[in-house]
Amino acid sequence: MAKKLWGGRFSKKTDPVFEIFSRSIHFDYKLAYCDVWGSLLHLEVLYKSGSGVLSLPEYTVLKKNLHIILGEIGSGKFRFNKKAEDIHTNIQNELEKKAGSAALKLHTYRSRNDQVVFDTKLFCKIELPKIIQLIQKVGWEILRLKEKYPKLIFPGFTHFQHAQPVACANYLQALFNFLGRDVQRIKAAADRITLTLGSGALAGVAIDSSQYTQATEKLAKEFGVRIASLSSSIDSVSDRDFIIDVLSVLSILQMHLSRIAEDFIIWSSPEFGFVDIAEEFCTGSSLMPQKKNPDSLELIRGNTGKIYGNLMSVLTMMKGLPLTYNRDMQLDKEPLFNSFEIVSSELKVLTGLIKTLKFNETKIKEQLKDEGLYATDIVYYLVDKKVPFKDAHTIVGRLVKYSLDNDIPIKNMAESLLKKFSVKLIKKEIVKLFDPEKSVKSKLSIKR
Ligand code: ARG
């Protein structure tokens with residue numbers, strides 16, 4: 001059993017089943033690095049505040065050993081104690097082992113309630129830029145794909161029905177824009193996180209919080225983040241908005257990844273055959289030898305349940321909590337870490353998949369023969385001949401219906417028949433409109 005950070009008031013041992021139930025070390029070990037950083041800052045303030053709590057030798061030995069621990073964590077050599085209640089306990093016990101009795105003073109004017117918020121905020125500040133970098137890698141691959149197929153046109157869909165021809169570049173730019181907004185949102189969420197120290201358990205501590213702000217220079221150098229002044233210790237230890245905020249922006253990103261996955265899954269089916277997903281990102285069937293399944297994309301789509309679930313779990317966990325800290329809040333970290341992990345691996349998989357994605361131009365051309373795709377262009381042809389749009393819409397609607405009901409392609413209709421639909425305005429020349437390039441080029445509203 002690891003030494004606890006509390007216990008004096010208790011005469012009985014913790015129930016062993018509850019002891020295990022209450023632990024968070026198996027997941028909050030991820031906060032180790034941030035926790036030691038928090039301790040280093042606290043140490044600085046404790047020593048320099050003039051409170052006289054620490055002597056110079058005590059300050060020196062603590063600083064030295066905290067740096068040793070930091071180094072061990074960084075190099076993967078730190079041995080986590082699976083029996084510690086949480087990461088704060090684990091680091092404190094290790095410091096006591098290494099630095100001796102001076103370590104017993106480090107917790108002066110602090111509480112784990114304050115530590116855990118600081119650690120988790122710093123963790124988010126470090127991890128969010130990594131997600132941004134991974135998104136940018138997907139973005140580069142999308143742009144590269146766009147360059148590979150500058151002229152490709154395929155049928156665009158609304159309601160999952162053939163709508164109008166669209167440039168592949170237009171589609172890929174949409175995906176790029178989705179992810180661009182995700183980057184903005186994630187940056188903003190990271191900026192909204194303000195680190196504080198000095199809340200104690202809830203009431204604040206006898207240290208002027210501007211001291212923390214001053215000690216923050218090192219943190220600023222290392223991570224580009226600063227400690228803000230503390231306007232309410234109650235807010236600081238009660239607040240988990242930042243976790244909900246991060247889980248929200250990751251959920252929006254996930255929604256985008258899932259939609260991208262969905263399009264590519266559909267387009268890779270033999271019915272569509274628009275894209276070929278490289279074998280490296282597919283799996284086979286243990287029963288049907290012919291299968292090449294887009295499992296990578298299905299897993300991305302499927303993970304949406306987990307990512308939204310993580311957001312829901314923290315929102316629900318927080319909703320009825322009286323201010324300030326409650327142990328329920330320990331349960332915020334697994335969803336947070338889980339979402340970071342899932343989204344990171346999805347972005348890595350998607351980068352490779354898009355890098356190797358191929359469009360099947362022959363299959364796409366076949367689909368572009370659908371005359372329905374050009375119906376809107378015939379409407380505009382009539383509009384150019386001064387027919388009011390709504391009348392033109394009705395005329396072409398009837399023409400399309402006649403073509404479908406009688407199984408005659410419009411291009412095979414005699415001019416005399418065409419004219420019946422349009423007070424003589426539709427001429428045989430409309431067959432020239434069944435041209436994907438022409439159709440796409442006529443859409444002047446898109447900046448190319
Ligand atoms: N492991 C706890 C958490 O993650 C740390 C805070 C514990 N504070 C307390 N008063 N029990 O929330």
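The values are calculated or read from the model by the stated rules, or taken from the named source; none is laboratory data. Quick caveat: nothing in here was measured; it's all calculated off a predicted structure. Note: ideal-geometry Cβ built from the backbone for every residue, glycine included; neighbour counts use all protein chains shown. Heads up: the accessible areas ignore ligands, DNA and RNA and are worked out on the full protein's heavy atoms, side chains in. Shrake-Rupley method; radii C 1.70, N 1.55, O 1.52, S 1.80 Å.
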Subject >> Dipole magnitude of region 71-152 about its Cα centre (Cβ charges: Lys, Arg +1; Asp, Glu -1), debye to nearest 20 >> reply: 360 debye
Original post:
Amide H to amide H, which residues 5 or more places from Val166 or on other chains are under 5 Å from it, using H placed in the peptide plane?
Top reply: Phe154, Gly156
Original post:
According to the square roots a ≥ b ≥ c of the eigenvalues of the Cα gyration tensor, what is the shape class of region 259-303, taking rounded for a/c under 1.5, prolate for a/b larger than b/c otherwise, and oblate for the remainder?
Top reply: oblate
**OP:** Compute the normalised compactness of region 360-448: alpha-carbon radius of gyration over 2.2 N^0.38 Å, N being the residue count.
**Re:** 1.12
Original post:
Distances over 20 Å make up what percent of all Cα-Cα pairs in region 316-423?
Top reply: 67 percent
**OP:** Just need log10 I(q)/I(0) for region 105-207 at q = 0.19 Å⁻¹, Debye formula, equal scatterers on the alpha-carbon atoms, no solvent, rounded to two decimals.
**Re:** -0.95
Original post:
Most mobile of Tyr380, Tyr33, Tyr47 per a Gaussian network model of the chain (Cα springs, under 10 Å)?
Top reply: Tyr380
Original post:
Ordering Asp435, Asp239 from largest to smallest accessible area (1.4 angstrom probe), what's the sequence?
Top reply: Asp435, Asp239
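If you average the sequence gap of Cα pairs under 8 Å that are 6 or more apart and divide by the length of the chain, what percent do you get for the contact order?
This gives 15 percent for the chain.
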Original post:
Where does each of Tyr149, Tyr308 land when they are ordered by accessible area, with a 1.4 Å probe and the largest first?
Top reply: Tyr308, Tyr149
Original post:
If you rank Asp15, Asp332, Asp263 by how much accessible surface each has, with a 1.4 Å probe, what is the order from largest down?
Top reply: Asp15, Asp263, Asp332
**OP:** Binning at 20 Å from 0, report for the chain what percent of all alpha-carbon pair distances ends up in each bin.
**Re:** 20, 38, 24, 14, 4, 0
Original post:
Under the Karplus relation 6.51 cos²θ - 1.76 cosθ + 1.60, θ = phi - 60°, what is the ordered set of whole-Hz ³J(HN,Hα) values for region 193-208, x standing for Gly and Pro?
Top reply: 6, 10, 7, 9, 9, x, 7, x, 6, 6, 9, x, 9, 7, 10, 5
**OP:** Could you state the angle between the C-alpha long axis of helix 241-267 and the longest principal axis of the C-alpha atoms of the chain, as a value from 0 to 90 degrees rounded to the nearest 10?
**Re:** 30 degrees
Original post:
Heavy-atom accessible area of Val249 with all protein chains present, probe 1.4 Å, nearest 10 Å²?
Top reply: 10 Å²
**OP:** Treating cross-link reach as a plain straight distance, find the aspartates and glutamates whose alpha-carbon is under 12 Å from the alpha-carbon of Lys130, omitting any fewer than eight places away in the same chain.
**Re:** Glu341
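Taking Rh as the Kirkwood radius computed over C-alpha pairs, what is the Stokes-Einstein D of region 227-359 at 20 °C in a medium of viscosity 1.002 mPa s, expressed in µm² per second? Provide the component values of the computation, followed by the final result.
Details: Rh = 17.1 Å.
D = 125 µm²/s.
Could you tell me what a quarter of the Cα convex hull surface of region 136-287 works out to, in nm² with one decimal place? Don't skip to the end; give the middle numbers.
Details: hull surface 59.5 nm².
Spelled out: convex hull of the Cα atoms, projected over all directions, averaged, 14.9 nm².
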Subject >> Counting all C-alpha pairs of region 90-165, share separated by more than 21 Å (%) >> reply: 65 percent
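Share of Cα-Cα pairs in region 287-359 beyond 16 Å, in percent? Before the final figure, lay out each step's value.
Details: 1626 of 2628 pairs.
Tail of the P(r) past 16 Å holds 62 percent of the pairs.
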Subject >> Cut-off 13 Å between beta-carbons: net charge of the residues surrounding Ala203, Lys and Arg +1, Asp and Glu -1 >> reply: -1
**OP:** Please report, to two decimal places, log10 I(q)/I(0) for region 1-130 at q = 0.23 Å⁻¹ as given by the Debye formula with identical point scatterers on the Cα atoms and no solvent.
**Re:** -1.49
Subject >> In Hz, Karplus ³J(HN,Hα) per residue of region 6-14 (6.51, -1.76, 1.60; θ = phi - 60°; x = Gly, Pro) >> reply: 9, x, x, 7, 9, 9, 10, 6, 5
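Please report the orientation-averaged projected area of region 192-247, defined via the convex hull of its C-alpha atoms, in nm². All intermediate terms of the calculation are to be shown ahead of the outcome.
Numbers: hull surface 16.4 nm².
Projected over every direction and averaged, the Cα hull of region 192-247 covers 4.1 nm².
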Original post:
Using Cα atoms only, what is the angle between the long axis of helix 333-355 and the major principal axis of the chain, expressed in degrees (0 to 90) to the nearest 10?
Top reply: 40 degrees
Original post:
When the Karplus curve 6.51 cos²θ - 1.76 cosθ + 1.60 is applied with θ = phi - 60°, which whole-Hz ³J(HN,Hα) does each residue of region 22-35 get, with x for Gly and Pro?
Top reply: 8, 5, 10, 4, 5, 10, 7, 4, 5, 8, 3, 4, 5, 5
Original post:
aspartates and glutamates within cross-link reach of Lys291: Cα-Cα under 18 Å, excluding same-chain residues under 8 positions apart?
Top reply: Glu271, Asp276, Glu279, Glu280
